[in-house]
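Structure first, then comments.
Every number in this text was worked out from the coordinates using simple rules, so none of it is lab data. Just so you know, these numbers come straight off a predicted model, no measurement behind them. Backbone-built Cβ (ideal geometry, glycine too); neighbour counts: all protein chains shown.
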Amino acid sequence: MDKLDEICRILRDMPGDLIRGLDINFTLLQEVRLRPFRPLIIKYNGKEYFVSVRKKLTEDINDAYIVTGNDIRNTFLALSEFSTYAFEEEMRQGYITIAGGHRVGIAGKAVIENAKIKNMKYISFINIRVAGERHGCADRVLPYLFDGNNMFHTLIISPPGAGKTTLLRDIVRQVSNGCALVCGKNVGVVDERSEIAACYHGIPQNDVGIRTDVIDGCPKAEGMMMLVRSMSPDVIAVDEIGTAKDMEAVSYAMTCGCSVIATLHGNEIKNIRNNKNIISVFGRYVILKFNEYGKRQILIYDQRGVQMGGGD
Amino acid sequence: MAEIKLIGMALIMVSAGAIGCIFGERAKREIKILLSLSRCLMMFESEIRYCGTTVNEICARICAGGEMWSDFFGYISDELADNNSNTDIGMIWEKGMKLFDISKGLSIEDKEEFLRFGRELGSSDRESELGRINMYNDYIKGRLSYLEKNINERVRLCRLLGVTAGVFITILMV
């Protein structure tokens, strides 16, 4: 199934027909947005366009197809595979992963119970974010992460949107498959939000390597414990750690002889250094950030916080 | 001439009796169909309760399970998996009921209930879904206990009516 099929599988009625009929290179499609009684918008090759009823991209809003409530309702039904109950947790989180690893963000009216989101109703806004992997983005980082055949416990730190999950995924893939620096290792991935492997019906939609086992949708702390006990991984990868429970599980995995690669929201190594739990256990810190010109920077630090390498 | 008349009378009586027997068997089959449907509903309940499995997958599993409803649920599963389909589950369910004989073995009331169940399937949260499945299964159990209690009388009545009708037609012809 190619990208177009994967997207059109959930886009019903007119939006599906229009997108299918577009004469564009679908590998450059980034987003499809549906809002009730608003134009059908796509992000293509970094630029936003309206989709016209003549199955063409346009910048003229008067020419755009206007999405109906029925389009959104039918798209949501197809997205949830006519089984709303099966996606309750995903709906609480605000997104559903579909075949191909594409993430569909949903918004509507939140149903609150005891100050927590219980469910979402009147789903009216749908944003299909087309998945894209970056093979090789970890090439510059990998040489710093190994001590012979052993991998350092590594923490990837970046603000949202700087690419830490993409980097983590590529590290996982290369460590699992084996590369010039290291032979292939068994990798366990705890993918609480289905962002790393993007499992659909239990099958990773992203390439996470040939020796990778994935626990999908499982809380990080429990997932790490389960992986250590059941799959005997050499390396455990986990996204967005933060709570004391997560750190406890990370420590447990480390004491069991597994190398841990994790990500964390943050900006600077000095901010992370304030957290004694974190600084004392990881051997390498990879900081991703944007410089003042908006260019992505990768900085690599050792356990003491001394910069080892990196740059734009 | 008399022999031909006798043969004709015998044929009428045998056919009318046979029709009565067929109706009797149909009553028995209705029970089997409802029993099988009840088992399918139990599968729906356990899959939704413990695994949160989608309707499509549950239907595919029922299809593989060799129940009397296998073909019907296989059709539903195929249609739901069809990415070109612009229909909803209610329309697919209704079409399936028209296509497959199994649902024709149900009474009109049971057919209506089955269609209502299909139209609402998968449209709400887990608790409501399970509640609806349990409610429908209770309805089927009620129907089953009623039918099982009266099945012998119904079968006997059908056969008797068949034979009696045969005799009546024969008398009329004589």
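Amide H contacts of A:Tyr44 (H built 1.01 Å from N, in plane; Pro and chain starts excluded): A:Gln30, A:Tyr49 sit under 5 Å, all sequence-distant by 5 or more or on other chains. Peptide B:50-58 has a mean of 4 when you count, residue by residue, the C-beta atoms of other protein chains within 10 Å of its C-beta. Under the combined filter of DSSP loop state and at most 13 neighbouring Cβ atoms within 10 Å, region A:56-165 retains these trypsin sites (Lys or Arg not before Pro): A:Arg134. Loop-located GluC sites (Glu not before Pro) across region A:1-59 with a Cβ neighbour count of 16 or fewer within 10 Å are A:Glu59, with loop assigned by DSSP. Binning all Cα-Cα separations of chain A at 10 Å, short to long from zero, yields these whole-percent fractions: 6, 25, 29, 24, 13, 3, 0.
For region A:142-311, what does the alpha-carbon gyration tensor say about shape, rounded, prolate or oblate, given a ≥ b ≥ c as the root eigenvalues, a/c under 1.5 as rounded, and a/b over b/c as prolate?
Working: a/c = 1.38, a/b = 1.33, b/c = 1.04.
Rounded is the answer for region A:142-311, as its axis ratio a/c remains below 1.5.
Phi-derived couplings, Karplus 6.51 cos²θ - 1.76 cosθ + 1.60 at θ = phi - 60°, listed residue by residue for region A:14-26: 4, x, x, 4, 5, 5, 4, x, 5, 9, 9, 8, 5 Hz, with x used for Gly and Pro.
In the structure displayed, which of B:Lys111/B:Lys141; A:Lys3/A:Lys47; A:Lys185/A:Lys289; A:Lys55/B:Lys95; B:Lys28/B:Lys149 lie more than 22 Å apart, Cα to Cα? Numbers along the way, then the final one.
Working: B:Lys111/B:Lys141 15 Å; A:Lys3/A:Lys47 19 Å; A:Lys185/A:Lys289 29 Å; A:Lys55/B:Lys95 32 Å; B:Lys28/B:Lys149 12 Å.
Over 22 Å Cα-Cα: A:Lys185/A:Lys289; A:Lys55/B:Lys95.
Summarise the partner chain shielding of B:117-129 as one whole number: the mean count of Cβ atoms from other chains within 10 Å of each residue's Cβ.
3
From helices alone, chain A scores -7500 deg cm²/dmol at 222 nm; the rule is -39500 (n - 2.57) for each run of n ≥ 4 DSSP H residues, then divide by the residue total.
Mind checking A:115-122 for the average number of partner chain beta-carbons within 10 Å of each residue's beta-carbon? Each step should come with its number before you reach the end.
Numbers: counts 0, 0, 0, 1, 3, 0, 1, 0.
Shielding by partners across A:115-122 averages 1.
To the nearest ten degrees, helix A:69-79 and the longest principal axis of the Cα atoms of chain A are 40 degrees apart.
Stretching A:Arg134 away from A:Thr243 to a fully extended chain increases their span by 36.4 nm, per 0.36 nm per residue minus the current alpha-carbon distance.
Sort B:Val163, A:Val104, B:Val55 so the one with the fewest other Cβ atoms within 10 Å of its own Cβ comes first.
On the way: B:Val163 18, A:Val104 22, B:Val55 27.
So the ranking, lowest neighbour count to highest, is B:Val163, A:Val104, B:Val55.
For A:Lys164, the aspartates and glutamates whose Cα falls under 13 Å of its own Cα, not counting residues fewer than eight places away in the same chain, are A:Glu133, A:Glu195, A:Asp239, A:Glu240. The angle separating the long axis of helix B:126-173 from the principal Cα axis of greatest extent in chain B is about 10 degrees.
Between the helical axis of B:89-99 and the longest alpha-carbon principal axis of chain B there is an angle of about 20 degrees.
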